[in-house]
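Read through the structure below, which is laid out as structure tokens, and then see the notes.
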Amino acid sequence: MIKPFRGWVSFLFGMSDTISRRHYLYWGVGLTALSLVGELGLGLVITDPDLLFNPVTRVLTDDRGSLDLLYHLLDWGGLSWSFLLLLFWGIPFMWVGATMSVRRAADAGISPWWGLLFLVPYVRVALMLLLCFLPSSPNPQWHHPAPSGTLPLSVLFRLLMVLTFVGVLLVVTSVLILKTYGLLLFVAIPFMMGLLVGLYANQHAKIGVWVTLWLGFVLMAMIHLVLWMVAFEGLLCLSMSFPLCVVLGGIGSLLGRVMARTTHRHHMGAIVMGVAYPFLALSDAHVLTHRDVVMSQVTIAASPAQVWPHVVQFPDLPPPQEWPFKSGIAYPLRARIVGEGVGAIRYCEFSTGPFVEPITVWDQPRRLAFNVTQQPAPMTEWSLYQHVTPPHLDGYFRSVRGEFRLVPLPNGSTRLEGRTWIELDIHPGWYWQWYARWLIHRIHMQVLTHIKHTTEQGVSDPA
């Protein structure tokens, strides 16, 4: 059993042999079905039809926005670990699909580089259909050169510098010209940069796997450092994007290492990337907004009637002690209200400015709900310069409405629940929502804990 199992693992995840169209068809259909069934199964567990997704859209665009259901499955204290599950679930399918397409293209007698179009939304389906029909070539485009020697540090340094410049240029183009913080920026560019450093570093020298991965890591670090030094981005957001970019850059560098050892026509790589770029930009324009709701709660030793006044408005909060707020994340200061009942305006003041919240439900003392019509920047960025205002601080992450529910408990206490509905136009949403949920939960707890202490202090000391 061990040898056959190892053989299949090598066949699926390795890169030593080409793949016939028969095996490509069987395994492609089987693995696609396995991926979809697994994700749909989670939706059925939740039994919420709004959380299910369209399998056709999922295959075409690779949009996992509907997998918000995982946040409901794995939401522990506002900190959802589902992004890790998605990462470990999705990467094997991405690797196998891309490498099998590369080897199938080589088997068909065309450049293996065309197989990388598997990673491009919309294009992947046309590519897979084409590769299922192309017959095997008597002269597959698959070679096994054996480079020897070492790469001089001066050459390696120049390679990293050039690719850093290219990476920064692509990032600036994506943000300022295409005006998108999406799959192109956070997925395609790190992967392509990793692919290029792995390719050119291994083209004429014998470099191991770990050194190749290290080069991918260094390149991602250099790109992030330059973006910070030129004041294009702040340190806080760059540190959030870095883990995802490192993972994708590492995968790209490994694939680049393989391509360097299996094909000589490296100019085709530039052509394929040029073809893929507009499709990646197009896919970003059609990715759905990610929507989510975050709920936090505390138990207060007081009745709902006693808690209600402190929910409607509350005095100054003490200075926050948690590191996210000290690092620049906006935090609540106080809340005040103008008027009473539906139509009143509540102002929740944060360190970066006020949230303007028209009241939509005034069910005293059970429920207070409101829309958010104006909101400040979600953070103050760390930078070498006095003012850094990256575009993503303006409207890409939005709180659209919120509410407080006061639930009476049998012992006379109150369970105070706070909910915030959010929208996110930064992709991949399953990754960025992890940060959003975690930070919103921290903000919730700042407010709810303050209301709890203020209420209980007033109950124990009515004077």
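The values are calculated or read from the model by the stated rules, or taken from the named source; none is laboratory data. Quick caveat: nothing in here was measured; it's all calculated off a predicted structure. Don't worry about glycine lacking a Cβ; one is built from the backbone with ideal geometry, like all the others, and counts go over all protein chains shown.
Listed conditions (1) closer than 19 Å to ARG401 by Cβ; (2) surrounded by 14 or more Cβ atoms within 10 Å (Cβ to Cβ) are all met by ARG334, apart from (1).
Suppose the filter is within 30 Å of HIS143 (Cα to Cα) and polar (S, T, N, Q); does THR299 pass it? So that I can check it myself, show each step before the final result.
On the way: within 30 Å of HIS143 (Cα to Cα): no; polar (S, T, N, Q): yes.
It is false that THR299 is within 30 Å of HIS143 (Cα to Cα) and polar (S, T, N, Q).
Taking region 183-218 on its own, how many of its residues are in contact with a Pro (Cβ under 9 Å, 6 or more places away or on another chain) and under 15 Å from VAL246 (Cβ atoms)?
Kept after step one, since they are in contact with a Pro (Cβ under 9 Å, 6 or more places away or on another chain), are these residues of region 183-218: 183, 186-187, 202-207, 216.
Filter again for under 15 Å from VAL246 (Cβ atoms), leaving 186-187, 216.
Looking only at that region, the number is 3.
Checking each residue in region 353-375 for being more than 24 Å from THR414 (Cβ to Cβ) and surrounded by fewer than 17 Cβ atoms within 10 Å (Cβ to Cβ) picks out GLY353, VAL356, PRO358, ASN371, THR373, GLN374. Scoring VAL230 on the criteria (1) in contact with a Pro (Cβ under 8 Å, 6 or more places away or on another chain); (2) among the β-branched types (Val, Ile, Thr); (3) farther than 20 Å from MET94 by Cβ leaves a single failure, condition (1).
What about LEU151, is it out of contact with any Asp or Glu (no Cβ under 7 Å at 6 or more places or on another chain), assigned by TED's automatic domain parsing to the domain that holds TRP214 and of a type outside the set (Val, Ile, Thr)?
Values: out of contact with any Asp or Glu (no Cβ under 7 Å at 6 or more places or on another chain): yes; assigned by TED's automatic domain parsing to the domain that holds TRP214: yes; of a type outside the set (Val, Ile, Thr): yes.
So LEU151 passes the test.
Against the list (1) among the small types (Gly, Ala, Ser); (2) in the same structural domain as THR212 (by TED's automatic domain parsing); (3) not in a helix (DSSP H, G or I), the condition GLY250 fails is (3). The residues listed here are GLU357, GLU381, GLU340; of these, the one that is closer than 21 Å to ARG419 by Cβ and among the charged types (D, E, K, R) is GLU357.
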